[in-house]
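Chemist: Questions regarding the structure given below will be posed in turn.
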Amino acid sequence: MKVFISVDMEGISGVVYPDQVVDTGWEYQEARQLYIGDANAAVEGALEAGADDVIVADMHGRGFHFPLDKLHPRARYLMGSGHWPRFPFLEGADAMFLVGYHALHGTPAAVGDHTMSSAHWQDLWINGRLMGEVGIDAAIAGHSGVPVMLLTGDDKVCAEARGLLGTIETAEVKQSVARHRALVLPPGRAQDLILERARRAVERIGEIEPLQIAGPVEVRLRYASTDLAERHPSDGDRVVREDGRTVLYRGDDVLEALRRALT
Ligand SMILES: [Zn+2]
């Protein structure tokens, strides 16, 4: 049984502050230990429930934050950055886990809320529905027939995931009260919770449908500024500049539309 785990940083146990999630931050070295800690708790839970092929993708920033001496010996790790495909090696997975995720841009009182890049993007809609990274990644997984079975992060992203995906397993490792403030569980306790939920998520494979979005698909992206939108000139068909900051990307399926928007 194969489990693909995508890991982001803002929703990791104990992470509340911007300084923790940038390589040059004073708190970064500690945060990357928490990052691998949460990821490995999910690995351990998946293995205990019978997974025998676990791939862990470092999806934060440039994708190189896992301390090499802490990699779980029974998992494999996708590290580094590259634009597309977003999830190489996803094919054939029985489940996807989203670990350390954060709420979509604009969510009130949610640690690190943003969609892909605070500096470049504001809002993204898939067929008219506002989506963040949970929706984007669940849709990519769903295109390959892979259901998201577990999400970990703060209370806001857990609620976002359940609203979009149904009764998946969630591990709420913090309760956010502002963009950079939260009531956090001690990391050890949070990781115990992640392990238990990961185990249950694997046991429940088959109960949750993949997020499948029928084509043709429209992805509408509002950039943070006009010059960012200008980098994506209209072709009048698949790429259409709708206003100063908004570009519409069309595809025959969700993967094609998202590839245009993300690359
Ligand atoms: Zn992110």
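Chemist: Looking at the stretch 115-128 only, could you name the residues that are under 23 Å from residue 147 (Cα atoms) and within 12 Å of the ligand (Cβ to nearest atom)?
Modeler: Matches in the stretch 115-128: 115, 116.
Chemist: Then there's this: Would you pick out the residues in the stretch 112-147 that are farther than 16 Å from residue 11 by Cα and part of a loop (DSSP other than H, G, I, E, B)? Outline the logic, then answer.
Modeler: Just the residues of the stretch 112-147 that are farther than 16 Å from residue 11 by Cα, to begin with: 119-131, 136, 138-147.
Selection gives 119, 120, 127, 128, 131, 144, 145, 146, 147.
Chemist: Oh, and also: Say we look at the stretch 88-106 and pick out the residues that are within 14 Å of the ligand (Cβ to nearest atom) and in contact with a helix residue (DSSP H, G or I) (Cβ under 7 Å, 6 or more places away or on another chain); which of these is farthest from residue 11 (Cα to Cα)?
Modeler: 104
Chemist: Of the residues 173, 134, which single one is buried (at least 20 other Cβ atoms within 10 Å of the Cβ), modelled with pLDDT of 95 or more and over 13 Å from the mean Cα position of the chain (by Cα)?
Modeler: 173
Chemist: Enumerate the pairs (first residue in the stretch 1-30 and more than 22 Å from residue 132 (Cβ to Cβ); second residue anywhere and among the basic types (Lys, Arg)) with beta-carbon separation below 8 Å, excluding pairs fewer than 6 apart on the same chain, so at least 6 apart or on different chains.
Modeler: 23/62
Chemist: Let me ask something else. Do we have any residue at all in the stretch 180-193 that's touching a Phe, Trp or Tyr at 6+ places or on another chain (Cβ under 6 Å), assigned by TED's automatic domain parsing to the domain that holds residue 97, within 24 Å of residue 61 (Cα to Cα) and at pLDDT 95 or above?
Modeler: yes
Matching residues to (1) closer than 16 Å to residue 257 by Cα; (2) hydrophobic (A, V, I, L, M, F, W, C); (3) under 19 Å from the mean Cα position of the chain (by Cα):
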residue: 198; (1), (2), (3): no, yes, yes
residue: 213; (1), (2), (3): yes, yes, yes
residue: 219; (1), (2), (3): yes, yes, yes
residue: 228; (1), (2), (3): no, yes, no
residue: 236; (1), (2), (3): yes, no, no
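Chemist: Of the residues 260, 241, which single one is in a helix (DSSP H, G or I) and among the basic types (Lys, Arg)?
Modeler: Details: 241 fails: in a helix (DSSP H, G or I).
Within the list 260, 241, the selection yields 260.
Chemist: Now for a different question. Of all residues in the stretch 61-108, which are of a type in the set (S, T, N, Q) and at pLDDT below 95?
Modeler: If the condition is that a residue be of a type in the set (S, T, N, Q) and at pLDDT below 95, then 81 is the only one that fits.
Chemist: Name, by its number, the condition in (1) within 16 Å of the ligand (Cβ to nearest atom); (2) free of Cβ contacts under 8 Å to residues at least 24 places away in the same chain; (3) under 16 Å from the mean Cα position of the chain (by Cα) that does not hold for residue 39.
Modeler: (2)
Chemist: Tally time: how many residues in the stretch 217-233 are surrounded by 13 or more Cβ atoms within 10 Å (Cβ to Cβ) and over 23 Å from residue 145 (Cβ atoms)?
Modeler: Total meeting the criteria: 9.
Chemist: OK, next. Please work out which one of (1) in contact (Cβ under 8 Å) with a residue 40 or more places away in the chain; (2) more than 25 Å from residue 85 (Cα to Cα); (3) of a type outside the set (Ser, Thr, Tyr) is the condition residue 147 fails and give its number.
Modeler: (2)
Chemist: Given the criterion surrounded by fewer than 24 Cβ atoms within 10 Å (Cβ to Cβ), in contact (Cβ under 8 Å) with a residue 40 or more places away in the chain, more than 13 Å from the ligand (Cβ to nearest atom) and assigned to a helix (DSSP H, G or I), identify the matching residue among 190, 161, 109.
Modeler: The conditions single out 190.
Chemist: May I ask you to list pairs of residues, at least six apart or on different chains, whose Cβ atoms are under 6 Å apart, with the first in the stretch 68-81 being more than 15 Å from residue 33 (Cα to Cα) and the second being surrounded by 14 or more Cβ atoms within 10 Å (Cβ to Cβ) and among the acidic types (Asp, Glu)?
Modeler: 79/58
Every residue, every condition in (1) more than 27 Å from residue 145 (Cα to Cα); (2) within 14 Å of the ligand (Cβ to nearest atom); (3) assigned to a loop (DSSP other than H, G, I, E, B), yes or no:
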{"position": "3", "(1), (2), (3)": "no, no, no"}
{"position": "11", "(1), (2), (3)": "no, yes, yes"}
{"position": "19", "(1), (2), (3)": "yes, no, no"}
{"position": "34", "(1), (2), (3)": "yes, no, no"}
{"position": "51", "(1), (2), (3)": "no, no, yes"}
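The values are calculated or read from the model by the stated rules, or taken from the named source; none is laboratory data. Everything quoted here is computed from the prediction, not taken from an experiment. With ideal geometry, Cβ positions are generated from the backbone for all residues, glycine too; neighbour counts draw on all protein chains shown.
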